[in-house]
Every structure is written in C-alpha cells, then in structure tokens.
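These notes concern the structure reproduced below.
The values are calculated or read from the model by the stated rules, or taken from the named source; none is laboratory data. Predicted model, so just to flag it, every value in this text is computed and none were measured. All Cβ positions, glycine included, derive from the backbone under ideal geometry; neighbour counts span all protein chains shown. Surface areas here come from the heavy atoms of the whole protein model, side chains and all, with no ligands, DNA or RNA. Shrake-Rupley method; radii C 1.70, N 1.55, O 1.52, S 1.80 Å.
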Amino acid sequence: MGLLGFYLRKAYTLFKNQILVLPSRTAVLLFALALVCLPLFTRDPYLLRILIFTAIFAILAASWDLLSGFTGQMNFGHALFFGVGAYCTALLNLRLDFPPWISIPIGALGAVLTGLIVGIPCLRLRGTYLALTTLAFPIILMGVVFAIPDITGGELGISGIQRLSHSRVTDYYITTGLLLILGFVMWKITDSKTGILFHAIREDEVAVRASGINTTRYKLYAFCLSGFFAGIAGGLYAHIMRTAGPSTLEVALSFQIVIWAVFGGIVSIYGPVAGVFILYPLLEFLRILPKVRMLVFAFIVLLTLLYMPEGLIPWIRDHIEKECPRCKIRNVAFRKECRVCTARLD
Amino acid sequence: MAHGFLEVERLQKSFGGLRAINEVSFSMERTEMLGLIGPNGAGKTTLLRLITAVLRPDSGRVRFKGKNVVGRRTWDVVNQGIACTFQNMRPFRRLPIIANVMVSCLSPRAMKRGEWVKRVEAKAMDALEFAGISDMALEKASTLSQGDLKRLEVARAIATEPELLLLDEPFGGLSPAETDLMAQSIRRLHKGGRFGRLHSEGPAMIIVEHKLQQLMKIVDRIVVLDFGTVIADGVPDEVVQNEDVIKAYLGEGGI
C-alpha cells in the first residue's frame, strides 16, 4: 500500500511539475480531454461528422509540416499522398475485401512508395522549383485516374467501400484517437535526433553534407514519413466517405493544407493541427452567410497572417510564455523568475 | 606500393572561362601541418572544395589514404576522415549552437567512434568546450559574433574526429588575442588526445590563411598558389624568401 502511494505521489508530482507548470502543455491536455469527452455530452451527427473530418485533415496538415515545415522541402502537392492513400485503401477494401484496419495501413504504405517516387526526382530541386514540381504530381496522377476508369472509376471515383465502423461515435473515437496518437508520434520524431537533422537540412543543406550526413537519405525519410501519415489520413477519409474520388487529388486541397498549416504556424506540428481545428469548423460555421462565406474566410486568414506572420499558435505561445534568457527553459508569462535556474525574467 | 596520406595530382577546375585551379599537384604526410597561401582569387578555397568533393574537378585526381575522392559524395568523404570549415561561415542560424554541433556528432563516423558516448549532447558539448564557446551552447546561432562563428565552424569540423582537417581562414575576423587562442587550440588539436568525450586523432591539417605571421608559427610547410598554380612549396622560412612569392604578393618590382 505504501509503495502504491509512493508511485501515485510520484506520478502526481511529475504531472504537476511537467504539465501544469506551462499553459501550452495544459492547453494540449485539455484539448485531448475535450476531444475524448465530447461524445458524452452531445451525439449530434452533424457536429461529430465535422469533427471527424477535422481530425483527418489535422493529421494531413501535420504531415505536411513534417516535410515542408521541418525539412524545408516545399510541397505544394501534398494532396498526392492523401489521394494515393485513399485510392489504395479503397481498392484494397473493394477488390480484396480487406477490413479497414488492414486496408488503411497498407494504403498508407502505398503513399510511402509514392513519397519515394516523388522524392527521388525532387532531391535536386529546392525552393520555387521544388514547389512547382511537387504541384505537378497530383495533376499527373489525376490524369492517370481519368485514363483508366475501369480500375479507378474515372470521374465518379470508387464507391461502395465498407464503413469504418458501425456507429458514428466509434468513427469519431477512431479518427480523433489516431489524431492524438499520430500527432504525438510526429511530435516525437521532430523532437528526436532525426528531427535535428531535418531542421539542419532546412537551414543549410551543403553544411549538413559537410558534417558527414547523408542528406539524400534523410530527405527521402522525410518524404516517406510524411507520405505515410498523409496516406493514413487518406485511408480514413475513404472509409468515412465510403468513396475515393478525384477530389482527393485536387489542387485546391493541396493549397488548403498549406493555408491551414501556415495559419496555425509551421515548424511545430501542433500549429497545423490547431490551424485545422480553427479553420475547418469556421468554414462550416460560415455557411450561415452563404454569399460572402469565402470572402469572410479569406479576410480572417489574411488579417491573422498580417498581424501574426509566424502563425496563430506561436503568437499565442509567445504571449503566454516567455523563455528564460539564461537556461532557455519556457516559463509562464507572469513568473518573475525562471522555474529552473531562478534567473530574472524580463 | 605504399600510398601517401593525401595525394593531389594534376588537378584542374574551371568556372566558365576562368581557370581557377590549373595542374595543381602536391602530397602530404599524416603528421604534417600545411599552410596554403596566395593572393585573393588564387584558388585556395576552390582547392579545399575539390578535396572535400563539394566541387567536382574537370580532370586530375585526389587520393586520400590510397582511395579516390573525386566523384564521391561529400558525406562519404567526410566519413572517411576529411573535415572542412567554411570560409563564409554557414551555421544553422535558427538552431541552438549545441544542435549545430550535434549534427556533426550524428554523422556515421562520429557515431561509430564514440559508441561509448551514449549522449550525443555530451560529446557536442565537449567539442564546444574545446572551441571555447560552451558558455553559449543554448543561444541561437544567429546571435553569435563573427569570431564565435569561426569557433563554431571549428567545433563542427572536429566533432567528426577527422584525420585531415581543412581550415579555411580560421583567424579571419578574430582579434589578436583571439587569434593566439585559436592558434593554441589548433596546435593542441594537432597533438591529439582526448578532450573530455571528444577524441582527437591528431589530424593533419591544411590551413588557408592571410595572417601570415600567425600561420608561420604553427605550420611546418607552406604551399603558395597564384592564378591556380603552385608557385612555391617548402618550409616557411624558404618560402618567404622565394622571389616568385614576393612577386605574386607585391607585384613586379614591388620591393
């Protein structure tokens, strides 16, 4: 009994000192709790459906951040991975009768393969040229989809896919659960040693090479990892919509991803997730003003980026937390001295 | 046949119509400290770039420990044991200084040699300690002064534990006192040994430098380049007496 009490107290201390001490961490915890508890209060199918799509697109936007934000490989055709994931999952489910929990991971592997195929020609390009090249790939694939309607269903897409689960609440828990898990995994990747190399490649590729790092390999890693997470999002989307159509490859979707991520704040993983959770429901909410919906939406995005050029979330974070000038640990904004090294915070 | 440590044979490189390196040949021993001097635009930096395979020569060969370097990837060459610093410093500006060095510590060569170092950070910290900027380890690289950036470049290069170190103007932008300190660290590094968790092989060095007085004190041999060709090669005292060298620096009838 004493031992149990010891571990409970230890867990509580850790929780208090590691999570409650910073408002950003508390906010993430509250966000996760809110997502998990929401169906206990409302089972409104419309609201749940919006949140399901929000979660899927949040995975997608975070995976874009992994490739373009962290590694600096500007990808303007991220819908490619999403579309490949969706089509692969759909075909596997429809033709081979794979259940969702197999078809989605294998579909994501298809997207990884696409990441390799796209990544190899893109290795030599950077900046605007890379952005333009990546933009072309989903358009090419859309051409292929229209060219072989027997397999891909042409403009109508593939329909009649199995549902993800039998109830909307289960769907909701699967997608939000995956968002929380995959988001955590992506954040851990960017926090690891590989993450440091991704950062360094964005800053100066030649210097990374001169440090003895095989940059080709790490850039391909970034493409594949990003493709994997985007592919899972695509697979989920196919099973929720029960169709996989050419809309998953649209240029508009690629740009949506960029807008979400930049709005939330790139190079952070949590920024793009928050960006989707604000912008996607906002666009739905604006249906009350059908005529000026897109105008208002664009206006909000523009104003935000004008006054918070680094994105919404980093801006908020800088205002509720400050960095200790001595030990670089983050502290709540109202603290007078650093919680670790007791240096004065000004 | 025994191979030399580093052999450069009839190396040529042109940029457009400009012949930057023209039939350069020299070789060096494992224990040597080589100074590489010459007027501006003589091709010194280009020569270093060719040795580390950042640039590809038009013709000629570079052999390091008997293995060809030309046509290989930069990271392969670095992992074989050649490290270089950049003349115009290229730090990862938005990363903390310690992370800048950790990138080098994560290269296969450094990982293999420091397997007993579980924490890459610790080794990176010792490299910074050696270069003398460990007190600023957590600052962003963009906040560093020119002199400290030079030190960062050196720390990054030695973190791969090279056998041949190419330093491109290590004293550039340093005050006289800082220059002395840097010269001291270079000599210490050349002796080899262990600096905390960082192990020094006692690398051979090629140092490109304009501050000749300082350079003369630490190198045992000097190669002089002018218009992409070697015009003198020998011990420091001989080279400064050499007429061609005086002519190249001061012009025809300069004295």
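Restricting the search to the stretch A:6-58, which residues are outside any helix (DSSP H, G or I), of a type outside the set (S, T, N, Q) and either free of Cβ contacts under 8 Å to residues at least 60 places away in the same chain or under 15 Å from A:Ile181 (Cα atoms) (or both)?
Result: A:Asp44, single match.
Pick out, from the stretch B:1-63, the strands (runs of 3 or more DSSP E) lying fully within it that include 1 or more residues that are among the charged types (D, E, K, R).
Working: elements: B:6-15, B:18-28, B:33-37.
Fully inside the stretch B:1-63 and qualifying: B:6-15, B:18-28.
With under 13 Å from A:Gly227 (Cα atoms) and not polar (S, T, N, Q) as the only criterion, which of A:Ile117, A:Ile140 stands out?
Only one candidate qualifies: A:Ile117.
Does the stretch B:92-110 hold any residues that are within 16 Å of B:Ser142 (Cβ to Cβ), buried (at least 24 other Cβ atoms within 10 Å of the Cβ), more than 7 Å from chain A (Cβ to nearest Cβ) and among the hydrophobic types (A, V, I, L, M, F, W, C), and which are they?
Of everything in the stretch B:92-110, those that are within 16 Å of B:Ser142 (Cβ to Cβ), buried (at least 24 other Cβ atoms within 10 Å of the Cβ), more than 7 Å from chain A (Cβ to nearest Cβ) and among the hydrophobic types (A, V, I, L, M, F, W, C) turn out to be B:Ile97, B:Val101.
Condition first: open to solvent by 60 Å² or more (accessible area, probe 1.4 Å), in contact (Cβ under 8 Å) with a residue 24 or more places away in the chain and more than 15 Å from A:Tyr46 (Cα to Cα). Now tell me which residues in the stretch A:151-172 satisfy that.
A:Ile151, A:Glu155, A:Leu156, A:Ser159, A:Gln162, A:Arg163
When the residues of the stretch B:50-69 are narrowed to those that are at the interface with chain A (Cβ under 10 Å from one of its Cβ atoms) and open to solvent by less than 40 Å² (accessible area, probe 1.4 Å), which ends up farthest from B:Lys112 (Cα to Cα)?
Ranking the qualifying residues of the stretch B:50-69, first place goes to B:Ala53.
Which is within 14 Å of chain A (Cβ to nearest Cβ), open to solvent by less than 60 Å² (accessible area, probe 1.4 Å), within 20 Å of B:Thr45 (Cα to Cα) and touching a strand residue (DSSP E or B) at 6+ places or on another chain (Cβ under 9 Å), of B:Leu149, B:Leu165?
Criteria check complete, one pass: B:Leu165.
Being in a loop (DSSP other than H, G, I, E, B) and open to solvent by 20 Å² or more (accessible area, probe 1.4 Å) narrows it down to one of A:Arg124, A:Arg202, so name that one. Give the steps one after another, and end with the answer.
Working: A:Arg202 fails: in a loop (DSSP other than H, G, I, E, B).
Of the residues listed, the single one that is in a loop (DSSP other than H, G, I, E, B) and open to solvent by 20 Å² or more (accessible area, probe 1.4 Å) is A:Arg124.
Tally the residues that are more than 10 Å from A:Ala230 (Cβ to Cβ) and out of contact with any Phe, Trp or Tyr (no Cβ under 9 Å at 6 or more places or on another chain), restricting the search to the stretch A:70-103.
Going through the stretch A:70-103 one residue at a time, the tally reaches 16.
Restricting the first residue to the stretch B:232-247 and requiring it to be among the polar types (S, T, N, Q), which pairs with a second residue that is buried (at least 16 other Cβ atoms within 10 Å of the Cβ) meet a Cβ separation below 6 Å and a spacing of at least six or different chains?
Correct list of pairs: B:Asn242/B:Ala232.
Okay, residues lined up against (1) free of Cβ contacts under 8 Å to residues at least 60 places away in the same chain; (2) more than 21 Å from A:Leu60 (Cβ to Cβ); (3) of a type outside the set (Lys, Arg):
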| site | (1), (2), (3) |
| --- | --- |
| A:Ile189 | no, no, yes |
| A:Ile213 | yes, yes, yes |
| A:Thr216 | no, yes, yes |
| A:Tyr221 | yes, no, yes |
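Quick one: count up the residues across the stretch A:246-271 that are open to solvent by 40 Å² or more (accessible area, probe 1.4 Å) and either in contact with a Lys or Arg (Cβ under 8 Å, 6 or more places away or on another chain) or on the phi > 0 side of the Ramachandran plot (or both).
So the count comes out to 1.
Quickly run through the stretch A:59-108 and pick out the residues that are part of a helix (DSSP H, G or I), under 17 Å from the mean Cα position of the chain (by Cα) and either surrounded by fewer than 24 Cβ atoms within 10 Å (Cβ to Cβ) or small (Gly, Ala, Ser) (or both).
The answer is A:Ala61, A:Ala62, A:Ser63, A:Ser68, A:Gly69, A:Ala79, A:Gly83, A:Gly85, A:Ala86, A:Pro105, A:Ala108.
Could you list, ordered by first residue, the pairs with Cβ atoms under 7 Å in which the first is in the stretch A:70-85 and more than 8 Å from A:Pro138 (Cβ to Cβ) and the second is basic (Lys, Arg), at least 6 apart or interchain?
Going by the 7 Å Cβ cut-off, the qualifying pairs are A:Phe70/A:Arg202; A:Thr71/A:Arg202; A:Thr71/A:Lys219; A:Gly72/A:Arg202; A:Gln73/A:Lys219.
Spot the failing condition for B:Lys123; the list is (1) under 24 Å from B:Leu174 (Cα atoms); (2) more than 9 Å from chain A (Cβ to nearest Cβ); (3) open to solvent by less than 40 Å² (accessible area, probe 1.4 Å); (4) touching a residue at least 24 places away in the same chain (Cβ under 8 Å), and only one is missed.
Among (1) under 24 Å from B:Leu174 (Cα atoms); (2) more than 9 Å from chain A (Cβ to nearest Cβ); (3) open to solvent by less than 40 Å² (accessible area, probe 1.4 Å); (4) touching a residue at least 24 places away in the same chain (Cβ under 8 Å), B:Lys123 violates only (1).
Residues being assigned to a loop (DSSP other than H, G, I, E, B), open to solvent by 10 Å² or more (accessible area, probe 1.4 Å) and more than 8 Å from chain A (Cβ to nearest Cβ): count how many of those fall in the stretch B:77-91.
Total meeting the criteria: 3.
Could you figure out which of (1) open to solvent by less than 20 Å² (accessible area, probe 1.4 Å); (2) within 14 Å of chain A (Cβ to nearest Cβ); (3) of a type in the set (D, E, K, R) isn't true of B:Arg72?
For B:Arg72, the failing item is (1).
Any idea which of (1) surrounded by fewer than 22 Cβ atoms within 10 Å (Cβ to Cβ); (2) free of Cβ contacts under 8 Å to residues at least 40 places away in the same chain is the one A:Ala274 doesn't satisfy?
(1)
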